[in-house]
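What follows is calculated from the coordinates using simple rules that are stated; it is not laboratory data. These numbers come from a predicted model, not from an experiment. Cβ: placed from backbone, ideal geometry, glycine included. Neighbour counts: every protein chain shown.
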Amino acid sequence: MCCNALLLLFTRTQKRAWSSMMQSSIKRLAFLVVLLTLAVWKGYGIVHPAPYPLAPQDAAGKVCEVEKPTGAFSIPYVLHAGELNTDPKSATWTHASSTWIARDCTHQIDYSKIKTQVLGFWTDTDLYLLFISPYTELNLWLPADNSKDRLNLWDRDVVEFFLGDDWTNIRRYREFEIAPTGDWVDLAIDLDKKSYGAEWNSGWQRLGRIDEKNRVWYSAARVPLSSVSEKKVVAGTKWRANLYRIDGRGPDSVRRFMCWQPTCVVNRDPNHVPENFGTLNFTK
């Protein structure tokens, strides 16, 4: 009887231990799933490792408001473009128009020392953009690897441009990024589906160059028009767009997030705000 009782007690103890071990394993597995999910989301730009920069507020604690309609960047048509390059004085960029990225994403902080010029034009087949970015110090992914998309490029110095031709579903657009080293990523964004399309390939050409003597870095892009829109681009076509630069070392809370058009948001990515994009005008 005593032996049977001891055997029963041992069996129950083993079951409780097994149950406890299973529950602990399930909890650890669930925790790992959460971590992996966050890692994937971070890789696609949904979750960042630190808070975004605090948006400046007025005396009443109010964040800036975006005036509508937002701004426009009109780019001219060029019949025959030269070879893509990063020299703004070359013949390729002779007829380009220009705009500037000079302020944070609320347009209340002026980054005059790293004010970034953007040149642009279009041909029958492609959009050409050149970013001219003065810098004080560089924050790079090294070693450079231009052979494939580099996710998390936005965690270092980078310029970005978002383009979309859909004026009905504004949460669908294309994202392009270039680093000083020429590293790059292109993404097909659909915010409603939480789809960031890292597997998408636009077929674009991109270049990066660092002028250490003058402390300026350059990035150039040739983007096939068909990668953004199935509709033929003609004079008068309008795309939704915004242009960005991210600069500096340290966590996101102290880095410089610069926007061509202000987005005026807090506690969220200041770039992915399609309701506040500007307009890219194709002219002749």
How many nm is it between the label spots at Ala72 and Ser112, if each spot is 7 Å from the Cα in line with the beta carbon?
-> 3.0 nm
How much space per residue, in cubic angstrom, does the convex hull of the C-alpha atoms of the stretch 164-284 take up?
-> 142 Å³
At Leu142 and Glu275, where each label point lies 7 Å from the Cα along Cα→Cβ, what is the point-to-point distance in nanometres?
-> 4.3 nm
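Suppose R0 equals 51 Å. What FRET efficiency, 1/(1 + (r/R0)^6) with r the Cβ-Cβ distance, do Asp190 and Lys213 give to the nearest 0.05? Walk me through the numbers on the way to the answer.
Working: r = 43 Å, r/R0 = 0.84.
Calculated value: 0.75.
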Using a 10 Å cut-off on Cβ atoms, rank the peptides 123-135, 164-176 from the highest mean neighbour count down.
-> 123-135, 164-176
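Against the 2.2 N^0.38 Å scaling, with N counting residues, where does the stretch 72-282 land? I'd like the Cα-based Rg ratio to two decimal places. Each step should come with its number before you reach the end.
Numbers: Rg = 15.9 Å, N = 211, 2.2 N^0.38 = 16.8 Å.
Compared with the compact-globule rule of thumb, the stretch 72-282 sits at 0.95.
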Here, Asp166 and Asn152, labelled 7 Å along Cα→Cβ, have an inter-label distance in nm of 2.9 nm
Looking at the square roots a ≥ b ≥ c of the eigenvalues of the Cα gyration tensor of the stretch 242-281, which shape do they give, rounded for a/c under 1.5, prolate if a/b is larger than b/c, or oblate?
-> oblate
Quick one: of the DSSP bridges fully inside the stretch 141-262, what percent are antiparallel, nearest 5?
-> 100 percent
